[in-house]
Amino acid sequence: MQLLTRDGCAMCVRAQNRLAELATELGFALVATDVDAAAAAGDSGLRAEYGDRLPVILLDGTEHSYWEIDEPRLRADLQR
């Protein structure tokens, strides 16, 4: 699972903290990616696509939810 974030984003911090708890509970790997840092490193695609909706959760490379964690849906999707 990938969490797209931005430095200084309070909602991103809350989402990352909760997803870290869920990762421990449910046993999935969580990778956080700062879209601005990625853009500065030459990959501007994430910021262009998702930059106005952060935080964004990508599950298997597909957008799962943004702004808020849809926890019931996430749990169900991880069980599949």
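The values are calculated or read from the model by the stated rules, or taken from the named source; none is laboratory data. It should be emphasised that the depicted structure is a prediction, and the values quoted were computed from it without experimental measurement. Here Cβ is always computed from backbone atoms with ideal geometry, including for glycine, and neighbour counts include all displayed protein chains. Note: areas computed on protein heavy atoms with side chains; ligands, DNA, RNA excluded. Shrake-Rupley method; radii C 1.70, N 1.55, O 1.52, S 1.80 Å.
Is it fair to say Leu4 is touching a helix residue (DSSP H, G or I) at 6+ places or on another chain (Cβ under 8 Å), of a type outside the set (Ser, Thr, Tyr), assigned to a helix (DSSP H, G or I) and buried (at least 17 other Cβ atoms within 10 Å of the Cβ)?
no
So which pairs qualify, if the first residue must be in segment 1-30 and under 16 Å from Pro72 (Cα atoms), the second must be open to solvent by less than 80 Å² (accessible area, probe 1.4 Å) and hydroxyl-bearing (Ser, Thr, Tyr), the Cβ gap must be under 8 Å, and the two must be at least 6 apart or on different chains?
The qualifying pairs are Ala15/Thr5.
Kindly provide the set of residues from segment 7-64 that are charged (D, E, K, R) and open to solvent by less than 70 Å² (accessible area, probe 1.4 Å), ordered by number.
Result: Asp34, Asp36, Arg53, Glu63.
Please indicate, with yes or no, whether at least one residue in segment 9-24 is assigned to a helix (DSSP H, G or I) and in contact with an Asp or Glu (Cβ under 7 Å, 6 or more places away or on another chain).
Within segment 9-24, not a single residue is assigned to a helix (DSSP H, G or I) and in contact with an Asp or Glu (Cβ under 7 Å, 6 or more places away or on another chain).
Quick test for you: out of Thr33, Thr62, pick the one residue that is of a type in the set (Ser, Thr, Tyr) and touching a Ser or Thr at 6+ places or on another chain (Cβ under 9 Å).
Going through Thr33, Thr62 in turn, the sole match is Thr33.
Condition first: within 12 Å of Ala15 (Cβ to Cβ) and not in a helix (DSSP H, G or I). Now tell me which residues in segment 59-80 satisfy that.
His64, Ser65, Tyr66, Trp67, Glu68, Ile69, Asp70
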